[in-house]
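Enquirer: This is the structure I have questions about; it appears just below.
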Amino acid sequence: MKIFAILPATFFAAAPCFAGPYVNVEANSGFFGSQYGGTVIDNHIGYEGDNWYIQGGPAALVPDGGDAEIEWSGKIGGAAPLSESVSLYGEVSFLTGDLDNSYGTKAGVKWVF
């Protein structure tokens with residue numbers, strides 16, 4: 001948990017090297033078939049460079065019919081150009097929890113026409 005205290009200070013100390021900060025509020029809802037499961041609302045502060053970004057902050061977990069809780073979430077991602085019209089991108093994310101933390105990954109290729 002010390003990393004959560006040190007990491008923001010590191011970014012503020014090195015702010016001239018980064019673009020930002022920015023605020024990103026994002027709601028992600030889940031469904032199982034046609035049944036609503038709940039929503040996670042990320043409230044992130046982030047920084048970005050030419051081909052990368054990092055963001056994090058509190059996340060409100062709002063399950064269907066349950067009590068909302070606050071956890072921590074964050075993402076780090078980037079892109080690498082393969083040619084003028086093709087780039088590779090990826091992202092790693094996390095969400096804390098009472099019993100276990102959860103992690104996610106995303107990767108893809110983007111073609112521009």
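The values are calculated or read from the model by the stated rules, or taken from the named source; none is laboratory data. Just so you know, these numbers come straight off a predicted model, no measurement behind them. Positions of Cβ are generated from backbone atoms using ideal geometry, with glycine treated the same way; all protein chains shown enter the neighbour counts. SASA here: full protein model, heavy atoms, side chains in, ligands and nucleic acids out. Shrake-Rupley method; radii C 1.70, N 1.55, O 1.52, S 1.80 Å.
Enquirer: So if I place +1 on the C-beta of Lys and Arg and -1 on the C-beta of Asp and Glu, and nothing else carries charge, what would the dipole magnitude of the stretch 33-113 be about its Cα centre? I want it in debye, nearest 20.
Expert: 360
Enquirer: In nm, give the distance between the simple-model label positions of Phe113 and Thr39, each being 7 Å from the Cα along the Cα-to-Cβ direction.
Expert: Going by the 7 Å Cα→Cβ label model, 3.4 nm.
Enquirer: In addition: Tell me the net charge near Tyr103. Cut-off is 14 Å between Cβ atoms, Tyr103 excluded, with +1 for each Lys or Arg and -1 for each Asp or Glu.
Expert: Neighbourhood net charge equals -1.
Enquirer: Could you order Asp50, Asp67, Asp42 by accessible surface area, starting with the largest, using a probe radius of 1.4 Å?
Expert: Details: Asp50 150, Asp67 130, Asp42 15 Å².
Final ranking, largest accessible area leading: Asp50, Asp67, Asp42.
Enquirer: What length, rounded to one decimal in nm, is gained on full extension from Glu69 through to Ser29, with 0.36 nm per residue of separation minus their alpha-carbon distance?
Expert: 12.9 nm
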